[in-house]
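A quick write-up on the structure given underneath.
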Amino acid sequence: MNIIRWGLLSTANINKRLIPAIRRSKRGELIAVASRDEQKAKDYAREWEIPISFGSYEEMLTSGSIDAVYISLPNHLHAEWSVRALSEGLHVLCEKPFALSVDEVDQMVTASKTHQRVLAEAFMYRHHPQTLLAGEWVQSGKLGEISLVRGVFNFTLQEQHRIRLVPEFGGGSLWDIGVYPLSFAQFIMGSHPTRVSGAQWIGETGVDETFAGLLHYTNDRFATIGSSFRSPFYTSAEIIGTEGRLVFNRPFVVLDETRKMIFHPQDGGPREIPVPEKELYLGQIEDMHAAILDGKPSYVSLEETRDHIRTVEALYKSAQDVQIVHLD
Ligand SMILES: NC(=O)c1ccc[n+]([C@@H]2O[C@H](COP(=O)([O-])OP(=O)(O)OC[C@H]3O[C@@H](n4cnc5c(N)ncnc54)[C@H](OP(=O)(O)O)[C@@H]3O)[C@@H](O)[C@H]2O)c1
């Protein structure tokens, strides 16, 4: 086996980003799509020129026609369908947020180990050269000692985004977009926080439409994160160290046309740091291929993913109980 045959589990909006990435990858082929509705699956397959369509998710998983599945279901279905796919011997790339509790993550990891199949969270921006370079700058000490990471992700919610407003589906701005600055902070700090405090504004929908979090790390380091469905699209991030700071205008939805990574040193004026271009969704697909075909560990480990989910749970608990929550 040197080509991975992919199947899409659902006809979600986000698939339109994954489809070109699978096609551009050298070792992947898009073979199938499954929907709860047979006609919808057929129409989708025709529109996107996908060879096989299935009128149920189960049918695709048991068909023998694919090696790996991309799970782009609403958040509350990620764990269930990942476990089912792994149990059928398929490799799984599951959308963020990976799951809605640490218990769910543990069930998914157990299924991955039991069936010896690759399982990874689809955090596309983690694979972009800009994020990798930011990590290298921090590791090499160019920014000195890091004291603070700040990140925010906002957009105005519209009709096609409605699954994000359903509490039982794992809706809410922190689960949906707050996880980006959260994962960025954990990547830069190299671990999960030791304690967190969160605050939320819950709309009539019953989900947090705005969330703010303060994360404390070892050695007196901090991160602040924010997410909101009640603002025009806006993302930013900043890493602050004793030697200067790195500022990103597109840290998560990294578009090479508009992206800028600016270094503000302690002495001298700001300067833009050149970053190699890369199609945003390609890295996570190539990483899956390397894990499946070459046996390389996934770049975003399941331990790191588990830490993200644990931190989100802690932040929600903190916001609900109006108190600091300790993670260790
Ligand atoms: N990484 C990224 O850049 C990124 C961006 C956006 C979203 N996401 C993630 O991708 C996932 C999907 O988001 P999306 O906005 O693309 O979702 P969406 O367009 O609303 O699609 C979700 C799909 O799930 C299926 N589904 C199964 N049960 C459902 C139910 N009870 N209600 C609604 N849909 C149901 C439907 O497919 P069928 O009708 O075909 O069965 C539907 O098309 C989420 O986990 C989200 O966090 C990631």
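Laboratory data are not the source of any read-out in this text; all were calculated from the coordinates shown. Since this is a predicted model, take the numbers as computed values, not measurements. All Cβ positions, glycine included, derive from the backbone under ideal geometry; neighbour counts span all protein chains shown.
Modelled this way, with points 7 Å down the Cα-to-C-beta line, the labels at Ser191 and Tyr234 are 3.4 nm from one another. Using C-alpha pairs under 8 Å with a sequence gap of at least 6, the mean separation divided by the residue count of the chain gives a relative contact order of 18 percent. Straight-line cross-link partners of Lys42 among the lysines, defined as a Cα under 21 Å from its Cα and at least 8 positions apart when in the same chain: Lys16. Within the chain, antiparallel bridges make up roughly 60 percent of the DSSP beta bridges whose residues both belong there. Judged by the mean number of other Cβ atoms found within 10 Å, the most tightly packed of the peptides 305-316, 289-300 leads the ranking 305-316, 289-300. Overall shape of the stretch 4-122 was characterised from the C-alpha gyration tensor. The equivalent ellipsoid obtained from it has semi-axes of 22, 14, 14 Å, in decreasing order. When you restrict to C-alpha pairs under 8 Å that are six or more residues apart and normalise by the size of the stretch 1-146, the relative contact order lands at 18 percent. Here the simple spin-label model places points 7 Å from the Cα toward Cβ, and for Leu327 and Thr258 these points are separated by 3.0 nm. Straight-line cross-link reach from Lys260 at under 18 Å between alpha-carbon atoms covers these aspartates and glutamates, not counting any fewer than eight positions away in the same chain: Glu136, Glu238, Glu272, Glu277, Glu279. Which residues does the label zone of Ser101 cover in the stretch 70-91, counting backbone N under 18 Å from a point 7 Å along Cα→Cβ? Inside the label zone: 75-84. To the nearest ten degrees, helix 282-294 and the longest principal axis of the Cα atoms of the chain are 60 degrees apart.
In terms of the mean number of neighbouring beta-carbon atoms within 10 Å, the peptides 14-21, 74-81 order highest first as 74-81, 14-21. Based on the alpha-carbon gyration tensor of the chain and its eigenvalue square roots a ≥ b ≥ c, which shape applies: rounded if a/c is under 1.5, prolate if not and a/b is larger than b/c, or oblate? Cα axes put the chain in the prolate bin. Residue separation of Glu38 and Gln116 scaled by 0.36 nm, minus their Cα-Cα distance, works out to 25.0 nm of gained length. Ranked by the mean number of other Cβ atoms within 10 Å per residue, highest first, peptides 5-12, 205-212, 33-40 order as 5-12, 205-212, 33-40.
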